[in-house]
Amino acid sequence: MAEVERKNPHEPEFIQAVSEVVQSVAPYVMAYPYLREQKILERIVEPERVIMFRVPWVDDNGDIQINRGYRCPCGRYRCRRQRDRLPLRTI
């Protein structure tokens, strides 16, 4: 937990969530050595990178609306795999 707090001092909600999850899964992870070897706790406490951005738009009444958009990088592997599943088109 000290490492999580050191890496994320500005995220008290995240630290609280990690603490609650670790308390519930730690006995199970400690009971199975292969989970410790695979560093399961270290993996689940590392946050995903999420990019947040604003999306301004005009509705049908001409009013400006502002929403939030989120992007979570999927990596090249997943994007390639999705493209591979698409049927090939001939020109």
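Read-outs: derived from the displayed coordinates by stated rules, not from any lab. Because the structure is a prediction, the values reported are computed rather than measured. Note that each Cβ is placed from the backbone with ideal geometry, even for glycine, and that neighbours are counted across all protein chains shown.
Summing +1 for each Lys or Arg and -1 for each Asp or Glu, what net charge is found among the other residues whose Cβ lies under 13 Å from the Cβ of residue 53? The partial results should precede the final answer.
Values: positive: 54, 68, 71; negative: none.
Here the charged neighbours net out to +3.
Applying a 10 Å radius around every beta-carbon, put 26-34, 13-21 in order of their mean neighbour count, most first. Please report the intermediate quantities before stating the final value.
Numbers: 26-34: 10.4, 13-21: 13.3.
So the order, starting with the most tightly packed, is 13-21, 26-34.
What nm distance separates the two modelled labels at residue 57 and residue 14, each placed 7 Å from Cα along Cα→Cβ?
2.8
What are the GluC sites (Glu not before Pro) within segment 28-57 that DSSP puts in a loop, where the Cβ has at most 14 other Cβ atoms within 10 Å? Spell out each step's value before the answer.
Working: sites: 37, 42, 48; in loops: 48.
Qualifying residues, ordered by number: 48.
Work out, step by step, the length gained on full extension between residue 22 and residue 7: first 0.36 nm times the residue separation, then minus their alpha carbon distance; give nm to one decimal.
Details: separation 15, 0.36 × 15 = 5.40 nm, distance 1.64 nm.
Result for the pair: 3.8 nm of gain on full extension.
Report the gain in length on full extension from residue 30 to residue 65: 0.36 nm times residue separation, minus Cα-Cα distance, nm rounded to one decimal.
Working: separation 35, 0.36 × 35 = 12.60 nm, distance 4.94 nm.
In short, 7.7 nm is gained.
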